[in-house]
1. Show me 371-382, 100-111 ranked by packing, highest mean number of other Cβ atoms within 10 Å first.
2. Out of these labelled values of Rg/Rh (Cα atoms, Kirkwood Rh), (1) 1.05; (2) 1.03; (3) 0.95, which was calculated from the coordinates shown here?
3. Net charge within 11 Å of L394 by Cβ-Cβ distance, Lys/Arg positive one each and Asp/Glu negative one each, not counting L394 itself?
4. Go ahead and run the numbers for FRET between Q117 and I424, Cβ-Cβ distance against an R0 of 51 Å, rounding to 0.05.
5. Given the peptides 337-348, 233-244, 202-213, arrange them by the average over their residues of other C-beta atoms within 10 Å, most packed first.
6. Please list the radius of gyration and Dmax for segment 328-451, considering alpha-carbon atoms only, with Å as the unit.
7. Net charge near W104, counting Lys/Arg +1 and Asp/Glu -1 over other residues with Cβ under 10 Å of its Cβ?
8. So if R0 is 22 Å, what FRET efficiency would L212 and R70 give, r being the distance between their Cβ atoms, rounded to the nearest 0.05?
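The values are calculated or read from the model by the stated rules, or taken from the named source; none is laboratory data. Owing to the predicted nature of the structure, the values given are computational and were not obtained by experimental measurement. Because the Cβ atoms are built from the backbone with ideal geometry, glycine has one as well, and the counts that use them run over all protein chains shown. Just the protein is used for accessible areas: all its heavy atoms, side chains included, with ligands, DNA and RNA removed. Shrake-Rupley method; radii C 1.70, N 1.55, O 1.52, S 1.80 Å.
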Amino acid sequence: QKKKLLEELGENRLPYMTPADADFNQLWKTKYSKLIFRKSDTVPVELHQMVQEGFLTLRKHNCFFQDLVRIKGKDFLTPVSRILIGNPGCTYKYLNTRLFTVPWPTEGYDIKYCSPQIHDACKALIRLNEYLHVEAVKALQGQNLSETKEIKDTTVTDKQQNFATSLTEKGSVSEDQSSSCVPADDCISLKHRTSYNVTLLNYMDPLQMLYLKQEPYFGMGSMAVSWHHDENLVERSTVAVYSYSCEGSAMEAINEQKPEGRDPAVWHVGLKVAWDIETPGLAIPLHQGDFYLMLDDLNMTHQHCVLAGFSPRFSSTHRVADCSRGTLEYIFGQCELALQNLQTDSESKTLSLKSLETAVVKQVEEIHNEVEFEWLRQFWFQGKRYLKCTDWWLKPMAKLEEFWRKMEIMTSLVLSEVRKEEQIKEQRNETISCFLLVLTERQKLRKEWTVR
């Protein structure tokens with residue numbers, strides 16, 4: 001699609017607008033209305049202070065890392081350095097790389113941080129997470145109300161009242177909003193689509209980068225992050241981004257002529273309608289402490305990029321990661337399911353398989369692959385870096401390795417069984433052919449991971 005679009009453009013560039021353009025607000029309202037932007041002065045000063053100190057602490061402790069990601073079978077180091085913070089046991093996968101959360105302080109979990117400052121930084125980010133969750137609910141309610149236009153004065157159900165109260169207690173919903181008519185199901189849906197379970201933190205100093213890609217469609221200048229949709233998210237969930245550019249020395253030191261369009265010294269978020277060459281793009285400046293929300297399906301219908309300024313910048317990007325296959329709870333459940341097919345003789349203590357049914361063997365071997373390639377190799381491939389913050393993941397990883405060892409034994413047991421001559425030929429052939437597919441995949445992935 002990208003190649004086709006660039007061929008269609010040739011030497012031309014698509015138009016885009018910044019707040020300096022007369023029609024900017026009209027374009028935003030008609031084509032980008034699900035992007036909500038808030039200036040830094042709308043955020044409590046104390047929260048700014050906590051979060052910005054947290055960023056600097058994590059940077060000081062060398063907790064930001066470039067990720068080795070895989071695109072079309074090739075590995076690339078990301079220009080931006082990152083760290084994932086969020087619910088204990090949660091992971092977030094992008095571009096074939098699984099990141100494991102540094103857990104933020106959570107009741108009921110024993111989390112030992114490498115220093116009290118790292119604990120405070122993680123605590124600041126959970127505070128920001130709660131604040132952005134409330135802001136996102138308000139923004140979505142606002143959108144729903146403006147879409148319906150006519151609001152009937154109906155009684156608020158207990159469920160709605162409880163939901164509104166829980167938000168008001170956090171000091172973020174005004175009286176008129178908390179009593180507005182939002183159906184109970186919508187309340188639950190809004191909460192589900194804004195309950196961020198992770199934040200992916202980013203850091204980049206553009207002046208330390210030897211090369212940054214140029215934005216290809218609009219001529220917007222240097223990009224820190226290319227055009228993309230955020231992946232691995234709950235459908236129609238909101239993404240919230242808090243931006244902190246260390247404005248000052250670098251901005252003053254470089255005194256370039258401002259070209260037409262966006263100011264290259266200032267960081268911007270760029271937006272465009274996905275694969276469309278009719279609608280002008282947007283470039284919105286990001287100053288210290290600003291934040292924006294991508295509501296509802298905006299992340300699916302539009303693409304966004306981050307345009308580099310001159311100063312170093314941190315951002316905290318809060319997401320509702322789709323954790324259906326990405327939590328410790330899930331993968332431990334899978335392991336337990338697989339190990340149900342392993343039995344130990346009470347006297348001789350020898351291990352054997354309960355069933356050699358093709359479906360059972362296939363399921364166990366697929367879980368075996370999932371544990372090895374989606375978890376153990378993903379973790380150890382770049383997992384030691386997490387030890388700069390906490391050793392929280394070491395115990396669950398040791399437990400997963402134990403499960404994996406048992407599954408290796410189960411693979412050997414299947415091989416032993418299919419070698420036995422008393423096996424019925426048809427059943428044996430069926431088992432071998434399904435088993436061979438999974439083993440071939442395992443061999444291929446082991447080679448790939450060795451190269452990585």
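1. The peptides rank, most packed first, as 371-382, 100-111.
2. Label of the calculated value: (2).
3. Here the charged neighbours net out to +2.
4. Efficiency for this residue pair is about 0.20.
5. Highest-to-lowest ranking by the protection proxy: 233-244, 202-213, 337-348.
6. 16.2, 55
7. Combined, the nearby Lys, Arg, Asp and Glu give +2.
8. Taking R0 as 22 Å, the efficiency between L212 and R70 is 0.60.
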